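Here the structure comes first, spelled out in C-alpha cells, and everything after it is commentary.
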Amino acid sequence: ASNGADILSDVYNANPTAMRLILETFSTIPANPNGRKLAVLADMKELGEQSIDLHNQMILSLSPDVLDTVIFYGQDMAQLASQMFPLGHVYYFKKTAEEDQFEDLVKQVKESLKEQDQILIKGSNSMNLAKLVEELENGE
C-alpha cells in the first residue's frame, strides 16, 4: 500500500475452498514487527442456494488470535459478520441492489490500515475489490 502496509490481494475469483486456504495461509505468515493483520472478505458469488451456509462456514478459518480486524462486504457475508469477534474489530458494509456502501468500506480500511500492517483482501471479482486495492496502492 502507499502507506507501507503489505497487501495480499486475491480479488478475481472466490469460492469457499480458495477463501479458506488463503485465510489459513495468511494466518501462517509472520506478522510484521508491531504490525497487525486485517482481512477484507467480500461475497463469493454463484454459490446457489447454499451460499449463506457456505459463507458462514468461513468462521472456522477466522482466528481471533491472529486477525486483529475483519471487514465484511456484501449481502451473503452479513450473517457471518454478526457472529464474529468483539465489536470494534469487526465491520460490515452492505452491497445490495438498493445500497452499496463501498465508499464507506474504503474509508474504514484506510482508517484501520497502518504502515506496519498486513491486509488480506478476498472476494469475487464482481464485488469490485480491485478498486479498493488500487486506492490503497495509489493512496487516493
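The values are calculated or read from the model by the stated rules, or taken from the named source; none is laboratory data. Note that the coordinates shown come from a computational prediction; the quantities given were computed from them, not determined experimentally. Here the Cβ positions follow ideal geometry from the backbone for every residue, glycine too, while neighbour counts run over all protein chains shown. Please note that ligands, DNA and RNA were not included when accessible areas were found on the heavy atoms of the full protein model with its side chains. Shrake-Rupley method; radii C 1.70, N 1.55, O 1.52, S 1.80 Å.
Here are the numbers for this structure:
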quantity	calculated
Failed item in (1) part of a loop (DSSP other than H, G, I, E, B); (2) under 22 Å from Glu134 (Cα atoms); (3) among the polar types (S, T, N, Q), with Ser9 passing the rest	(1)
Matching residues, the range 3-17, being out of contact with any Asp or Glu (no Cβ under 6 Å at 6 or more places or on another chain) and in contact (Cβ under 8 Å) with a residue 40 or more places away in the chain	Asp6, Ile7, Leu8, Ser9, Asp10, Val11, Tyr12, Asn13, Ala14, Pro16
Pairs where the first residue, in the range 101-125, is buried (at least 17 other Cβ atoms within 10 Å of the Cβ) and the second is acidic (Asp, Glu) and part of a strand (DSSP E or B), C-beta under 7 Å, 6+ apart	Gln118/Asp6; Lys122/Asp10
Options Thr17, Thr28, Thr69, Thr96; residue that is surrounded by fewer than 13 Cβ atoms within 10 Å (Cβ to Cβ) and under 26 Å from Asn3 (Cβ atoms)	Thr28
Evaluation of Lys45 against (1) open to solvent by 60 Å² or more (accessible area, probe 1.4 Å); (2) in contact (Cβ under 8 Å) with a residue 40 or more places away in the chain; (3) more than 23 Å from Lys131 (Cβ to Cβ) (one fails), failing number	(3)
Filter result (of a type outside the set (Phe, Trp, Tyr) and touching a Leu at 6+ places or on another chain (Cβ under 6 Å)) within the range 69-103	Thr69
